[in-house]
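A.B. asks: Next up is a structure, given as structure tokens.
The values are calculated or read from the model by the stated rules, or taken from the named source; none is laboratory data. In this text, all values refer to a predicted model and were calculated from it rather than measured experimentally. No Cβ is skipped: glycine too gets one built from the backbone with ideal geometry, and neighbour counts run over all protein chains shown. Areas reflect the complete protein model, heavy atoms only, side chains present, ligands, DNA and RNA absent. Shrake-Rupley method; radii C 1.70, N 1.55, O 1.52, S 1.80 Å.
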Amino acid sequence: MSKDYTKPDRPVSDHLLADLKKLHPRLIDLSLGRIERLLQKLGDPQKALPPVFHIAGTNGKGSTSAFVKTILQAAGKRVHVYTSPHLIRFHERICLAGTDGRSHPIDEDQLVDVLTRTEHTNAGDDITQFEVTTAAAFLAFAETPADAIILEVGLGGRLDATNVIDTPEMSIITPVAMDHADKLGDTLAKIAAEKAGIIKPLRPVVVSRQDPEAFTVIDDRANKLNAPIHAFGRDFDVYEQRGRMVVQSESHVFDLPLPSLVGRHQIDNAGTAVTALRLADSFEISDTEFEQGVVNAAWPARMQRIISGPLLPLVDRTSEIWLDGGHNPAAGLVVARTIADLDERLPRPVDLIVGMMGLKDARGFLANFKGLVRSVTAVPLEDAQEQPLAVDELVRAAIDVGLPARQSTSVQKAIRDLEGAEPGPKRILICGSLYLAGHVLGLDPKTTSATTAATQKPADI
């Protein structure tokens, strides 16, 4: 299947990735057999890695990963990171430790190299694109020096391609909620069982705030494997006190600044990361390093304020534009709470611009905003890999839960229409899909990747 991509009209990696999609007809097909065979033929690079923090969950994986990364970097550690999906460029999924002490998206030449070698070794066997790219990431990680790896599950956990690490430094399970029910199960308990599949015998697991139904399943799995479990609300607590974040366990109390990421839920995510690193055998981290890591974390499209680019001139200079990629009811709840907190500090009318994928619970997501926002504008998703929800269906979903709604052809037009109808200060939240978030971030010509966008520091509200 290898081809000559000299003088491509787009990056070589784009062509390679498009060809890899042809190896297996289904975008998602959870299994470990295919990637295990490929990794064996590659020499099992996943067995030659530094300590791995393996992270599963429905919501909060990316933010928790960001806190773990910046705390480790504050301690002088070199960190590789594997996440999905990407927002602007595929390269964001594989971040490699750099000589400057920070993690950076893999460059084009190295990505092409590891993808080409992995594709050649696979030799046309049936395999999904995600499995091939995960194997390629393991190659890049094994061949680039680092002190730690943060490995985020793609989907589920038990049969996810990342779940080939036999002895992780730590497993972390962030909040479990209803999402991807068609692939993971139609109850919270079934989904939790899939997430708990990353727990390994005798290896510690840190569990974020959970619904009791989900926690029962996770706790049972950990006990069966004799995996030491450290659970939010039982073994550690995280809370805000006098403008600070307190992370407390029986043996230790951290009094830290509030995290850099916006929203009360980020206090839970930061506290989970702090707890995991305090318990990690391979690292010793000082209180000062924990503090530096918590305040320096950045993660794109999670209540991110847009501070540059072509959207800002479309609104009054005192207006705010926010971006969040949350796309399930649980994510909608925490985003709505964050918007309510912002409104308490500085009241402004709130308008939503929303795009969602077809299998998502649009009504469950939007119901969280009833009484909080004055309008919803549904927009189409551009370049989505799966079938998006039609804008007229999204409008009906909003109306069904009691929200005034209309449709528009683009984010830009939606903003112009909002400004034309209601001039003056407003708070616009663009939300409902990571595809939509990636599109918005990509509108800024100064932004070459989501990593770049995430490190921009917004002005105070």
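A.B. asks: For the pair Lys47/Leu258, report the inter-label distance in nm, with labels modelled 7 Å from Cα in the Cβ direction.
C.D. replies: It is 4.9 nm.
A.B. asks: What is the Cα radius of gyration of the stretch 133-249 over 2.2 N^0.38 Å, N being its residue count?
C.D. replies: Expressed relative to 2.2 N^0.38 Å, the Cα Rg reads 1.16.
A.B. asks: Among 79-89, 312-322, what's the highest-first ranking by average C-beta atoms within 10 angstrom per residue? Intermediate results must be reported in sequence, preceding the final value.
C.D. replies: Numbers: 79-89: 22.6, 312-322: 16.0.
Descending mean neighbour count gives 79-89, 312-322.
A.B. asks: If you don't mind, another one. If you add up the charges near Phe254, with Lys and Arg at +1 and Asp and Glu at -1, over every other residue whose beta carbon is less than 9 angstrom from its beta carbon, what do you get? Could the numbers behind the result be given before it?
C.D. replies: On the way: positive: Arg278; negative: Asp255, Asp287, Glu291.
Within the 9 Å Cβ shell, the charges total -2.
A.B. asks: Further question: If you add up the charges near Leu279, with Lys and Arg at +1 and Asp and Glu at -1, over every other residue whose beta carbon is less than 10 angstrom from its beta carbon, what do you get? Each step should come with its number before you reach the end.
C.D. replies: Details: positive: Arg278; negative: Glu169, Asp235, Asp281.
So the environment of Leu279 carries a net charge of -2.
A.B. asks: Based on the alpha carbon coordinates of the stretch 287-371, what radius of gyration and maximum Cα-Cα distance (Dmax) apply, in Å?
C.D. replies: My reading of the Cα-based Rg and Dmax gives 15.2, 45 Å.
A.B. asks: Taking only the alpha-carbon positions of the stretch 65-119 and ignoring solvent, what does the Debye formula give for the base-10 log of I(q)/I(0) at q = 0.26 Å⁻¹?
C.D. replies: Ignoring solvent entirely, the Cα scatterers give -1.04.
A.B. asks: Now for a separate question. Extension gain Arg374-Lys22, at 0.36 nm per residue separation less the Cα-Cα distance, in nm?
C.D. replies: Numbers: separation 352, 0.36 × 352 = 126.72 nm, distance 4.46 nm.
This chain segment gains 122.3 nm when fully extended.
A.B. asks: Convert each backbone phi in the stretch 211-217 into a coupling constant with the Karplus relation 6.51 cos²θ - 1.76 cosθ + 1.60 (shift: θ = phi - 60°), then list the ³J(HN,Hα) values in order as whole Hz, x for Gly and Pro.
C.D. replies: Calculated HN-Hα couplings, in order: 4, x, 5, 6, 5, 4, 5 Hz.
A.B. asks: Taking all protein chains together and a probe of 1.4 Å, list Asp341, Asp220 from the most accessible to the least accessible.
C.D. replies: Values: Asp341 50, Asp220 75 Å².
Highest to lowest solvent-accessible surface, that is Asp220, Asp341.
A.B. asks: Right, here's the next one. Let me know the shape class of the stretch 1-152, please: from the alpha-carbon gyration tensor, a ≥ b ≥ c as square roots of the eigenvalues, rounded when a/c is under 1.5, otherwise prolate if a/b is greater than b/c, or oblate.
C.D. replies: Details: a/c = 1.69, a/b = 1.47, b/c = 1.15.
Prolate.
A.B. asks: In addition: So what is the calculated 222 nm ellipticity per residue for the chain, using -39500 (n - 2.57) for each DSSP H run with n of 4 or more, over all residues, to the nearest 500 deg cm²/dmol? All intermediate terms of the calculation are to be shown ahead of the outcome.
C.D. replies: Values: 16 runs with 169 residues, N = 461.
It lands at -11000 deg cm²/dmol.
A.B. asks: Can you compute 3J(HN,Hα) from phi for each residue in the stretch 276-292, using the Karplus curve 6.51 cos²θ - 1.76 cosθ + 1.60 with θ = phi - 60°, rounded to whole Hz and x for Gly and Pro?
C.D. replies: Using θ = phi - 60°, the values come out as 4, 6, 5, 8, 5, 5, 7, 9, 10, 10, 7, 4, 5, 5, 4, 4, 4 Hz.
A.B. asks: Accessible area, 1.4 Å probe, largest first: how do Glu291, Glu240 sort? Walk me through the intermediate numbers first.
C.D. replies: Working: Glu291 75, Glu240 100 Å².
Descending accessible area places them as Glu240, Glu291.
A.B. asks: Let me make sure I get this right: for the stretch 225-346, a, b and c are the square roots of the gyration tensor eigenvalues over alpha carbons, sorted descending. Under 1.5 in a/c it's rounded, otherwise prolate if a/b > b/c, else oblate. Which is it? Write out the running numbers ahead of the final one.
C.D. replies: Working: a/c = 2.22, a/b = 2.00, b/c = 1.11.
Because a/c hits 1.5 or more and a/b exceeds b/c, the stretch 225-346 counts as prolate.
A.B. asks: Below 8 Å, C-alpha to C-alpha, sequence gap of six or more: please give me the relative contact order for the chain in percent. Spell out each step's value before the answer.
C.D. replies: On the way: 955 pairs, mean separation 73.1, N = 461.
Across the chain, relative contact order equals 16 percent.
A.B. asks: State, to one decimal in nm, how far the label point of Asp235 lies from the label point of Asp107, with both points 7 Å from Cα in the Cβ direction.
C.D. replies: 4.2 nm
A.B. asks: Something else: Computed from the mean reciprocal separation of all distinct C-alpha pairs, what Kirkwood hydrodynamic radius does the stretch 363-408 have, in Å?
C.D. replies: Details: mean 1/r = 0.0914 Å⁻¹.
Taking the inverse mean of 1/r over all distinct Cα pairs, the stretch 363-408 comes out at 10.9 Å.
A.B. asks: Using 0.36 nm times the number of residues separating Glu250 and Glu422, minus their current alpha carbon distance, what extension gain do you get? Display every interim value, and only then the final one.
C.D. replies: Details: separation 172, 0.36 × 172 = 61.92 nm, distance 5.29 nm.
That pair, Glu250 and Glu422, stretches by 56.6 nm at full extension.
A.B. asks: Taking every DSSP beta bridge with both residues inside the chain, roughly what % is antiparallel (nearest 5)? It would help to have the intermediate numbers written out before the result.
C.D. replies: Values: 19 of 55 bridges.
For the chain, the DSSP antiparallel bridge percentage is about 35.
A.B. asks: By the gyration tensor of its Cα atoms, with a ≥ b ≥ c the square roots of the eigenvalues, what is the shape of the stretch 93-195: rounded for a/c under 1.5, prolate for a/b over b/c, or oblate?
C.D. replies: Values: a/c = 2.43, a/b = 1.46, b/c = 1.67.
Oblate.
A.B. asks: Report the net charge of residues surrounding Asp219, where surrounding means a beta-carbon distance below 14 angstrom and charges are Lys +1, Arg +1, Asp -1, Glu -1.
C.D. replies: Values: positive: Lys195, Arg209, Arg221, Lys224, Arg234; negative: Asp211, Glu213, Asp220, Asp235.
Charge balance in the 14 Å sphere: +1.
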